[in-house]
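Novice: The structure's right below; bear with me while I get my questions together.
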Amino acid sequence: MKRQIRTQLIISFIFLMLLIISSISLMTMSLVSEHFDKYVQKKHDTTLTAYKNELKVSYLINNGTWKPAKVKKIGVRALQDGLILVLKNTDNKIIWEPSQTLLNRSTNTKNIDSMNKKNVAIKINSKKVALVQFSYNDALGYTRHDIAFINDLRISLAGISIFVFLVAIVIAVWIARDLSRPLRQIVSFTQAVASGDYRNQLPQQTQIVEVNELVNVTNELSRQLSKNQALRERLSSDIAHELRTPLTTIQGSLEAMIDGIWPIDEARLVSLNDEVIRLTHLINNIENIASIEHREDKLIKVDTDLSKLIQQVLNNFQSNLEEKRITLDYQTEKIIVAIDPNKINQVITNLLSNAIKFTQTKGKIIIKLKRVADNVVLTIEDNGSGIAEKDIPHVFDHFYMADPARNRQQGGQGIGLAIVKAIVVAHGGSVSVDSKLGVGTIFTVKLPLNN
């Protein structure tokens with residue numbers, strides 16, 4: 001049967017307290033009974049010894065003879081203590097025993113045959129002069145005061161147990177409420193988040209580390225979902241904008257041709273084809289980054305000489321470097337690493353393409369490849385236009401362009417760096433940027449060697 005966590009905590013706590021209280025009570029009563037039994041037995045043995053010594057003193061005082069009157073006096077007192085005293089000589093003949101009248105007066109000495117018996121020898125100078133027989137019941141060891149003490153102890157222990165149990169219930173309810181309150185808040189909060197409300201944050205109200213960690217994780221989840229929601233909204237808007245521009249151009253041109261405003265010639269058809277190619281390239285890029293980010297595009301890793309791969313990319317850009325008369329400083333070492341060469345080729349291509357695109361004529365690009373601890377680090381540095389500080393946190397976002405008008409004039413779509421990040425992260429690495437407006441930009445790619 002399903003229960004609320006508050007109910008479950010209360011039941012568990014009460015059960016635990018019942019177990020502890022009952023265990024302690026049983027153990028206490030057992031120990032008290034054991035030690036009290038020892039105490040009573042010792043007191044009983046002391047009583048028997050006292051009566052024996054009293055008989056011995058009476059014998060000595062009467063010059064080695066037994067006076068029945070003296071013995072009777074001792075025997076009557078013994079009856080009052082629940083003891084039947086029978087004195088016998090060395091020939092086992094009775095010197096004194098209580099009469100039936102005395103026995104009838106004593107309420108603790110009924111059923112003599114079923115009573116315990118103990119024989120104790122009376123010796124003078126190691127010589128046996130008499131034998132005293134004590135008869136007593138098992139319960140005789142407990143006096144009226146002893147029994148009252150035991151009963152009071154049991155009542156006190158029961159009262160304390162009930163009090164502690166009631167206090168435990170109050171504490172259990174308080175603890176359960178204290179624990180369940182933030183959990184209920186988290187449930188309500190996550191329900192709101194599930195419905196798309198990311199505005200609020202959970203406060204930290206408890207002293208429990210685990211609950212606070214859960215609050216932190218839930219708040220962080222809400223922040224990430226809010227960020228992703230904003231990103232999705234911006235992404236949808238950006239995709240719509242990026243698709244609308246070439247589609248509007250194509251539609252307008254086709255309508256003008258259909259209406260006879262523009263003649264259908266080769267130049268206009270080539271222009272329309274260029275827009276279609278641009279649109280197709282954009283869609284392919286969107287599909288590419290989506291498949292990489294969702295791990296649908298599986299990496300095919302092979303041991304690759306990264307320095308040779310960089311050189312191959314540089315060969316493809318040789319004409320671009322010469323056209324802008326850009327100086328290239330190439331500092332690499334041979335490093336073999338398990339990567340998907342086609343994907344990393346795309347990373348290097350996108351980064352180098354951006355570096356060339358935003359580096360002025362006669363500028364400089366520095367490429368470095370080296371080992372750092374368990375990583376291989378690739379840096380591509382240029383002294384181009386740089387990136388504004390406010391734009392740096394967003395350069396890897398989809399369709400983000402620091403200068404949209406200028407980027408579109410240069411053929412940019414704002415998705416190249418997003419693809420770079422997706423590929424590098426898929427390899428278990430990281431990519432970062434350090435830039436200063438008007439000074440230059442450094443992109444750093446880290447890939448694990450043991451990948």
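We did not get these values from a lab; they are worked out from the coordinates using the rules stated. Note that the coordinates shown come from a computational prediction; the quantities given were computed from them, not determined experimentally. Cβ placement follows ideal geometry from the backbone for every residue including glycine, while neighbour counts extend to all protein chains displayed.
Novice: Counting C-alpha atoms alone, how compact is the chain: give Rg to one decimal and Dmax as a whole number, in angstrom.
Specialist: Gyration radius and largest Cα-Cα distance of the chain: 50.8, 161 Å.
Novice: In nm, give the distance between the simple-model label positions of Ala69 and Leu314, each being 7 Å from the Cα along the Cα-to-Cβ direction.
Specialist: About 13.7 nm, to one decimal.
Novice: For Ala130, what residues show an amide H to amide H distance below 5 Å, using hydrogens built from the backbone and excluding near sequence neighbours?
Specialist: Placed amide hydrogens put Ile122 under 5 Å from Ala130.
Novice: I would also like to ask the following. With a Förster radius of 30 Å, plug the Cβ-Cβ distance of Val439 and His281 into 1/(1 + (r/R0)^6) and report the FRET value to the nearest 0.05. Don't skip to the answer; put the middle values down first.
Specialist: Details: r = 31 Å, r/R0 = 1.04.
Computed FRET efficiency for Val439 and His281: 0.45.
Novice: Okay, moving on. If packing is taken as the average number of other Cβ atoms within 10 Å across a peptide's residues, how do 117-128, 47-58 rank, most packed first?
Specialist: Details: 117-128: 11.0, 47-58: 16.2.
Taking the mean over residues of other Cβ atoms within 10 Å, the ranking is 47-58, 117-128.
Novice: Another one. By a straight-distance test (C-alpha under 28 Å), which lysines pair with Lys370 as possible cross-link partners, with residues fewer than eight away in the same chain excluded?
Specialist: Lys298, Lys301, Lys308, Lys324, Lys334, Lys343, Lys357, Lys362, Lys421, Lys436, Lys446
Novice: Which of the peptides 250-263, 71-84 is most tightly packed, and how do the rest follow, going by the mean number of other Cβ atoms within 10 Å of each residue? Working shown, then result.
Specialist: Values: 250-263: 12.0, 71-84: 18.4.
Going from most to least packed, we get 71-84, 250-263.
Novice: Show me 214-224, 347-357, 319-329 ranked by packing, highest mean number of other Cβ atoms within 10 Å first. Please list the in-between numbers first.
Specialist: On the way: 214-224: 15.0, 347-357: 21.5, 319-329: 13.0.
Highest to lowest by the protection proxy: 347-357, 214-224, 319-329.
Novice: Could you size up the charge dipole of the chain around its Cα centre, putting +1 on the beta carbon of Lys and Arg and -1 on that of Asp and Glu, and report it in debye to the nearest 20? Write out the running numbers ahead of the final one.
Specialist: Values: 55 positive and 44 negative charges, 993 e Å.
Charge dipole, the chain, about its Cα centre: 4780 debye, nearest 20.
Novice: Turning to a different aspect of this structure: Please state, to two decimals, what the Cα-based radius of gyration of the range 10-89 comes to when divided by 2.2 N^0.38 Å (N = residues). Intermediate results must be reported in sequence, preceding the final value.
Specialist: Working: Rg = 23.5 Å, N = 80, 2.2 N^0.38 = 11.6 Å.
After normalising by residue count via 2.2 N^0.38 Å, the value is 2.02.
Novice: With +1 on the Cβ of every Lys and Arg and -1 on the Cβ of every Asp and Glu, and nothing else charged, how large is the dipole of the range 345-384 about its Cα centre, in debye rounded to the nearest 20?
Specialist: Numbers: 6 positive and 3 negative charges, 30 e Å.
Approximately 140 debye in magnitude.
Novice: Apply the Karplus curve 6.51 cos²θ - 1.76 cosθ + 1.60, θ = phi - 60°, to the phi angles in the range 150-155 and return the couplings in whole Hz, x for Gly and Pro.
Specialist: Using θ = phi - 60°, the values come out as 4, 5, 4, 5, 5, 5 Hz.
Novice: Applying 1/(1 + (r/R0)^6) with R0 = 35 Å to the Cβ-Cβ distance of Val372 and Leu328, what FRET efficiency is obtained, to the nearest 0.05? List each step's numbers first, then the result.
Specialist: Working: r = 22 Å, r/R0 = 0.64.
In this case the efficiency is close to 0.95.
Novice: Still on this structure, please answer the following. Using amide H atoms built 1.01 Å from N in the peptide plane, name the residues 5+ places from Gly440, or on other chains, whose amide H lies under 5 Å from its own.
Specialist: Gly386, Ile387
Novice: Per residue of the chain, what 222 nm ellipticity follows from adding -39500 (n - 2.57) for every DSSP H run with n ≥ 4, rounded to the nearest 500?
Specialist: Numbers: 11 runs with 256 residues, N = 451.
Only helices count here, giving -20000 deg cm²/dmol.
Novice: Set Lys and Arg Cβ to +1 and Asp and Glu Cβ to -1, take the dipole of the chain about its Cα centre, and tell me which of Val215, Val302, Ile162 lies farthest positive.
Specialist: Toward the positive end, the furthest listed residue is Ile162.
Novice: Separation between the Leu243 and Ala148 pseudo-spin-labels, each 7 Å from Cα along Cα→Cβ, expressed in nm?
Specialist: Taking the two extended label points, one gets 9.8 nm.
Novice: Out of Phe443, Leu321, Tyr39, whose Cα points farthest toward the positive end of the dipole of the chain (charges: +1 Lys, Arg; -1 Asp, Glu; placed on Cβ)?
Specialist: Sorting the options by dipole projection puts first Tyr39.
Novice: Starting from the 7 Å offset along Cα-to-Cβ, what nm value, one decimal, do you get for the label separation of Arg223 and Leu103?
Specialist: 9.5
Novice: Give me the extension gain from Leu60 to Ala194: residue separation times 0.36 nm, minus the current Cα-Cα distance, reported in nm with one decimal. Could you put the intermediate results ahead of the total?
Specialist: Numbers: separation 134, 0.36 × 134 = 48.24 nm, distance 10.21 nm.
Taking 0.36 nm per residue and subtracting the Cα distance, the gain is 38.0 nm.
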